[in-house]
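For reference, the structure is listed below as structure tokens.
No lab work stands behind these numbers, since they all come straight from the coordinates. None of these values were measured; they are calculated from a predicted model. Cβ coordinates were reconstructed from backbone atoms using ideal geometry, including for glycine residues, and neighbour counts include every protein chain displayed.
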Amino acid sequence: AITCLSTAQAAELTPNDIQLHAFINQGYIKTDENQFFGDSEKGSWEFTDIGIGASSKLTSNFQISAQALYRRAGKTSPDGVQVDYALADWGLINNSDTGLGLRAGRVKIPYGFYNETRDVASSRPSILLPESIYIDALRELFHTADGAGLYLYKSWDNTLLTFDTAFGKPSISRASQDVILTAPLPGALENERLGAARLILEEHSGRWRIAYSHVEVEADYRPASIDLAVAGSTSLTLNLVSLEYNWNNWQFSGERQLRDIAYRGILYNGFNHTLSSDSYYLQTSYRINQKWQSLLRYDQVYMDKHDKTGEAFLFASDAYAKDWTIGVRFQPNNSWLISAELHKVHGTAWLARIEN
């Protein structure tokens, strides 16, 4: 279960106004097998987010925003306060039907429906996002990057088209490196670079939306002075299609991702291997009334779409994961959210090795 305290000002900023926001998310996780965010087999409270941020519109088309975040998520995330994002947003064109702008600094990566707002529990459809798409063990790698991004929008009578990009250097901690390389090697990934783009077409009323996202990440591996591994490089390529439809109190959504992880060198000179995974989820939620909402989801990933049973894996269960989720949310007012979820998971594909 998770409890979220969130306060924010949503009013439109005018020049020289300063908007402050803050939130606290505290979660508890209990599992019967395997660890997820700490020692969850005994019950773990190592699932905490505390954020505080500010934004100011210096002129009618220039705004700055920043947020500091304390995050604790077992061994998969560095424990401490970090700059979650800090950016300047320059709106080059901004009228009723057309917009064009540039963001620079530590920018959020446009990917799917939930990646940019995953740090705030009240903006997520569930406590845990679908792990097949938004894997928590690699959250910091795909959440923000130090660089810049161009965005634009075009509005017609009943539809809106938006296009967002981000280019820069992603954050790769030791924990994220171990997940990417599948082993705790003593060397280090360096020269990291990331490029992302997302296209969304949606109806103005919010009845439906469809999106396509593409992300590429590359990094070089520099071995340590004493290291069985050799110099090499790795790359990740993500392609994601997202769909959502809203009807009365119902919401239906799903996303399908194809991911390629390539390794060149690292294991030994001349090593060249690409692991192609296939994942998707289908989700429905029903708003019972203004305060209560329910959720049902099926989430699935095959780490190697050509080896779904895991014959080439050391442990066959690492080749896949299938998750049935039911959840309920209670929001008594605009500041509090209390949620609970039950997951029935078969397979260990998205479990972090450093915690297991």
### Task
Quick one: net charge around residue 71, please, counting Lys, Arg +1 and Asp, Glu -1 for every other residue with C-beta under 9 Å from its C-beta.
-3
### Task
Determine the gain in length on full extension of the stretch residue 224-residue 342; use 0.36 nm per residue of separation and subtract their C-alpha separation, reporting nm with one decimal.
38.2 nm
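Among the listed pairs 57/154; 154/291; 42/322; 30/308, which have their C-alpha atoms separated by more than 32 angstrom in this model?
The answer is 154/291.
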### Query
Rounded, prolate or oblate: which one fits region 109-179, using the alpha carbon gyration tensor with axes a ≥ b ≥ c (rounded when a/c is under 1.5, else prolate when a/b beats b/c, else oblate)?
oblate
### Task
Give, in nm to one decimal, the length gained when the segment between residue 269 and residue 201 is fully stretched (0.36 nm per residue of separation minus the Cα-Cα distance).
20.0 nm
### Query
Relative to the Cα centre, what is the charge dipole magnitude of region 18-106, using +1 at the beta carbon of each Lys and Arg, -1 at the beta carbon of each Asp and Glu, and rounding to the nearest 20 debye?
320 debye
### Query
Counting other Cβ atoms within 10 Å, which chymotrypsin sites (Phe, Trp or Tyr not before Pro) in region 98-158 have at most 15 and lie in a DSSP loop?
156
### Query
What net charge do the residues around residue 150 carry, taking every other residue with its C-beta under 15 Å from that of residue 150, with Lys and Arg at +1 and Asp and Glu at -1?
+2
### Query
Each residue of region 271-285 in turn: what ³J(HN,Hα) in whole Hz from Karplus with 6.51, -1.76, 1.60 and θ = phi - 60°, glycine and Pro shown as x?
5, 8, 9, 10, 9, 9, 10, 9, 8, 6, 9, 10, 9, 9, 10
#### Entry: Rg followed by Dmax, in Å, when region 290-356 is reduced to its Cα trace
16.6, 51
### Summary
HN-Hα couplings for region 26-32 via Karplus (6.51, -1.76, 1.60; θ = phi - 60°), in whole Hz with x for Gly/Pro, come out as 10, x, 10, 10, 10, 10, 8
### Query
Once you charge only the Cβ atoms, +1 for Lys and Arg and -1 for Asp and Glu, what is the size of the charge dipole of the chain about its Cα centre, to the nearest 20 debye?
500 debye
## Note on the structure
Semi-axes of region 225-356 from the Cα gyration tensor (sqrt of 5 times each eigenvalue, largest first, whole Å) come to 38, 16, 15
### Additional length obtainable on full extension of the chain from residue 39 to residue 248, 0.36 nm per residue less Cα span
71.2 nm
### Message
Can you give the FRET efficiency to the nearest 0.05 for residue 56 and residue 241, using r as the Cβ-Cβ distance and R₀ = 56 Å?
### Response
0.95
### Query
What residue among 356, 127, 225 has its Cα farthest toward the positive end of the dipole of the chain, where the charges are +1 on Lys, Arg and -1 on Asp, Glu, each on the Cβ?
127
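Based on DSSP H runs of at least 4 residues, each adding -39500 (n - 2.57), what is the mean residue ellipticity at 222 nm of the chain after dividing by all its residues, to the nearest 500 deg cm²/dmol?
Rounded to the nearest 500, it is -1000 deg cm²/dmol.
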#### Entry: Note, ³J(HN,Hα) from phi for region 252-262, Karplus 6.51, -1.76, 1.60, rounded to Hz, x at Gly and Pro
10, 8, x, 9, 10, 10, 10, 10, 10, 10, 10
#### Entry: 25 °C / 0.890 mPa s Stokes-Einstein diffusion coefficient of region 106-262, Kirkwood radius on C-alpha pairs, µm²/s
144 µm²/s
